[in-house]
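Read the structure below first, then the notes.
Values in this text are rule-based calculations from the coordinates and carry no lab data. Model, not experiment: these values are computed from the prediction. FYI the Cβ positions are ideal-geometry reconstructions off the backbone, even for glycines, and counts take in every protein chain you see.
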Amino acid sequence: MIQILLRDKLDDCITRWHAAGYDVIGPQKNNNVTRFAPVEKASELDLEIILTDRTVKELFFPQTEPMFRYRIGKQAIDTEEYLPPGRKRIIFGSRPCDASAMAIDDPLFGWDFKDTYWFQRRNETVMVTIACTESDDFCMCTSLKLAPDSPLGSDIMLRPVAGGKGWHVELLSERGREAFDRIEALLDDSAAEKEPIANVPKRFDLDVCREWLADPENFESHFWKEISIRCIGCGTCTFLCPTCHCFDFQDEGDTYSGIRRKNWDSCSFALFTMHTSGHNPRSTQSSRWRQRIMHKFNYFPGKFSMNSCSGCGRCSRQCPVDMGITETLQEITKTAK
Amino acid sequence: MSIQEQYRKKAAELLSSGEVKLVIGYGAGTTPDRRRPLFVRSADETSKLHLDAACEANLSGYLVTEGLLADRKKVGIFLGPEGIRSVNILASESQLDPDQIVIMGFNREAESVSALEGSNVRDFPAMLAALKEQAPGAGEQALVERIENMTPEERFTFWQAEFEKCIKCYACRQVCPMCYCRRCIVDNNQPQWVQTSSHTLGNFEWNLVRAFHLSGRCVECGGCDRACPVNIPLRLINRRMAMEVLDAYDHFSGMSPDQETVLASFKKDDPETFIL
C-alpha cells in the first residue's frame, strides 16, 4: 500500500520533527524574495513556488562563513575554530534540481580534501523533495538527463496527489526513513492518484554540446565572443546556481587578530583570476563565460562523470541581460550539427 | 510606419552607409515579454531589432566597453530619456565623445513607445528640461515618504532587512552605466578598502559606498533595481540621493554633455561653512 502525507497533517509533522530534535526548513516568500528558511508551522511554507529565487545551496555552503578566529600574541598564536552548528534538520519542499545539485557537488567537496563544513551539514540534513508537476519557460532538467522527479540527492520523494491534498511518500534513504518514522502515525494509506509530473521540453542536445566543447579546436572559436557580448560580468548566474561552488578566503581584521572567512566567489568576476603581478589569464568576459560553460560541461564531467548543472534554469531566469546556459548550449547544438 | 520599423530602417541606413560601425538595440528575449540587448553590425540583421514597451534596459553602459570607441568610429544606440541622460554624464565625465554616439531615442509609455526627435545628445534640451520639472518622479513617492517618516531606528531596521538579502553579485554595479570604473573600490584588495564578505556590515558598506558614488550622477533608469536577483529596492536609495542633490544644488544629472559634475567640481566661491 502506498503511504500518503496529507497537507493538513503538516503542522503535526513539524511539531513531531521539532520534538525529535530536527529543525524544519522550507521555501518561503519573505521581503520580496523566495528562499529556504526555518519554519515553525506549515502556514509559513509556500509550497506552490515552482523554484525559489535562492537555492538550497546556501544551507550547505553559506555565502559567507567564519572558519576561525586568530590572535597573534607575543608568545603564541591563538586560534579558535568555528564549525557548523551541528543540528539535525529537514529541508521540506526542495525541488529535484536543487537536491540533485547537492549530490553533484559531493564529489567536488570530497575528492582530495574532505570539506568538513559541507559534509557535516550534508550528513545532518534530510532532503524531502517534492516532484514538480509544473515548470516554467526556463526549467531544463530533462536536457541534463535529469527529470522533474529525479531521486538524485533526495532522502524522501513526495509526489503530489491529484487535487493538491497531499503527497505520495517514497523513501529513498535510511536518513529519510528515520525522519519519517517519527511521523509514521500521521501517514495515511491511500489509493489516490498521483498528479502527472511536469512536461519539461528538451531544450538542447547535451551529447552534441559535450562533444563540441571537448574539441580543442573550439576553445578559441569566435563563438565565445559572440555569445557573451552582452554579458555584463555580474555574479548573478553563479551565485544563484545550485552547483557553482567557488569560494575565496578573506581575513577580516588586522595582522594581529581577525577572522578568516570562506566567501562565495564567481568566475564571472575579473578579479577571480587576477594574479598578484597584475596579469589576468582570463582578461575578457568571453573567456570567463567560456570557462563557466567548459567547467560545467567539459572539465567537471571529465573528472567526476557528472555535469555540473542540474537544469534549474536560474542562470537564464534571473540574468539581467537574458543570457544563460540554455541559450549557449542551444547555440552550440545548432553550430555543431 | 511603426517606430520599430522606422528605427530598423534607420539602423540599416546607418550601417550600410558606413556612418556607424555598430547599432546597439534590443532583440527578442527568451520569453515573449523579455527583450535582450542586441548588437547589430550589418544592415541585413536589423530585422532582428525590437522596440516596444518591454525595452526597459538602459543600454548606454555598453558604450564604455573598453576599446569600443577607441577607433573614433560612430556607434548607433537605442536610448530612452534616462539613456540620453547617462550619455550626457559619461560625456561630461570624459568617458566618451558624445559626437561618436548616434541616438535613436524613444519614450516609453505603459503600452507603447514613441520616437524622440534628434540623433545627437545635444538635440534633446526641451525633453530634458521637462524631465527636470517633473522630478522627482511620482511613481515611488509614497514609499519614499513612508521611509522618510520612519524613526532612524525603524529606517535602519528596514534597510537591514533589505541588505541582509544582498549576495554581493554586483549586478547593480555591472548593469549601471555610471559604474564604469575599470577597477571598483571593492575589487581593490591591496589594501582591502571594503570587506568582500556578504554579511550585514559588508553589505551595508557596499550599498552605501555605491549610493554615495551615484549621488548627483544616477539617472534613475532603474537598471540596478531590475537586475537585483534578490529584489532589494535599490531605486529608493538613489531616488533619495537625487532628491537631496536637486534640493541642495538645483542639480538634475545628465542635462547636457557640458554640465558640471555636482560633487566633483570646485569653485572658488563655494560656501565652505561646514569646514570652518
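Below are the figures for this structure:
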item	result
Subset of A:LYS225/A:LYS303; A:LYS41/B:LYS165; B:LYS74/B:LYS132; A:LYS57/B:LYS165; B:LYS10/B:LYS48 violating a 18 Å alpha-carbon distance limit	A:LYS225/A:LYS303; A:LYS41/B:LYS165; B:LYS74/B:LYS132
Candidate aspartates and glutamates - alpha carbon under 12 Å from B:LYS168, same-chain residues fewer than 8 apart omitted	A:ASP265, B:ASP187, B:GLU205
Cα centroid separation - the range A:82-126 against the range A:23-41, whole Å	18 Å
FRET efficiency, 1/(1 + (r/R0)^6) with R0 45 Å, evaluated for A:ARG71 and B:THR273 via beta carbons	0.50
Ordering of B:183-192, A:270-279, B:27-36 by burial proxy (mean other Cβ atoms within 10 Å per residue, highest first)	B:27-36, B:183-192, A:270-279
Chain A, helix-only ellipticity at 222 nm - DSSP H runs n ≥ 4, -39,500 (n - 2.57), divided by all residues, nearest 500	-7000 deg cm²/dmol
Order of A:LEU172, B:LEU143, B:LEU15 under a 10 Å beta carbon neighbour criterion, fewest first	B:LEU143, A:LEU172, B:LEU15
Coarse-grained scattering of chain A at q = 0.08 Å⁻¹, given as base-10 log I(q)/I(0) from a Debye sum over alpha-carbon atoms	-0.43
Span from the the range A:301-337 Cα centroid across to the the range B:18-51 one, whole angstrom	23 Å
Ratio Rg/Rh [Cα only; Rh per Kirkwood] for the range A:234-337	1.04
Compactness relative to 2.2 N^0.38 Å, alpha carbon Rg of the range B:3-134	1.00
Within the range B:3-134, percent of DSSP bridges classed antiparallel, to nearest 5	55 percent
Among A:LEU171, A:VAL24, A:GLY153 - extreme Cα towards positive end, dipole of the range A:2-190, charges at beta-carbon	A:VAL24
Least to most buried among A:GLU184, A:GLU58 (fewest other Cβ within 10 Å first)	A:GLU184, A:GLU58
Ellipticity estimate at 222 nm from DSSP helix runs (n ≥ 4, -39,500 (n - 2.57)) divided over chain B, nearest 500	-10500 deg cm²/dmol
Ascending count of other beta-carbon atoms within 10 Å, so fewest first, for A:ASP105, A:ASP8	A:ASP8, A:ASP105
Peptides B:123-130, A:73-80 ordered by average Cβ neighbours within 10 Å, highest first	B:123-130, A:73-80
Residues in the range A:221-260 that a label on A:ASP78 would reach, taking backbone N under 19 Å of a point 7 Å out along Cα→Cβ	A:252-260
Rough spin-label spacing in nm, given labels placed 7 Å along Cα→Cβ, for A:HIS275 and A:ILE2	6.0 nm
